[in-house]
Amino acid sequence: METIGERIGSACKDSGLSQKALAERLDWDQARLSRVISGSRKVSAGEIAEIATILDVSLDWLITGSDPYWVPKDVAARHDWDGETKEYRHNQEDLDVFRSIALVYKQAYG
């Protein structure tokens, strides 16, 4: 896939989320999302980050098309041990920060 729009469309399909549902979650009309997917409308960095979060794909993949497509679920800044489930929990805000930091490093040093 060559463009961000194509990757958004593909990730929608893979996630089972319809383009209409994604547009609603973004508080956009469906025509706006359709223009993004077709490449006739650009998206801001903030919009791309929000789309990546909703579709649960890596920001790096969405922007560049490079692997990995998915975001590891075990990444965490705060390692909160849940004694009941015997698992570490992650904070979604921390995960989003990690995604952003990884993108900055990739762009600077990649």
Per the filter on region 26-38, residues surrounded by fewer than 15 Cβ atoms within 10 Å (Cβ to Cβ) and closer than 17 Å to T53 by Cα are D27
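Mind checking whether some residue in region 76-87 is among the β-branched types (V, I, T), part of a loop (DSSP other than H, G, I, E, B) and modelled with pLDDT under 65?
The answer is no, given that none of the residues of region 76-87 is among the β-branched types (V, I, T), part of a loop (DSSP other than H, G, I, E, B) and modelled with pLDDT under 65.
I want to confirm something. Restricting to region 2-18 and keeping residues that are buried (at least 19 other Cβ atoms within 10 Å of the Cβ) and either farther than 15 Å from E50 by Cα or among the β-branched types (V, I, T) (or both), which single residue is nearest to the chain's Cα centre (by Cα)? Quick ask: steps written out before the conclusion?
Let us first name the residues in region 2-18 that are buried (at least 19 other Cβ atoms within 10 Å of the Cβ), namely 4-5, 7-9, 11-12.
Next, from what is left, pick out any that are either farther than 15 Å from E50 by Cα or among the β-branched types (V, I, T) (or both): 4, 8.
On the way: I4: 11, I8: 9 Å.
Looking at the filtered set, the residue picked out is I8.
The values are calculated or read from the model by the stated rules, or taken from the named source; none is laboratory data. Here the structure is a predicted model, which means the values were calculated and not measured. No Cβ is skipped: glycine too gets one built from the backbone with ideal geometry, and neighbour counts run over all protein chains shown.
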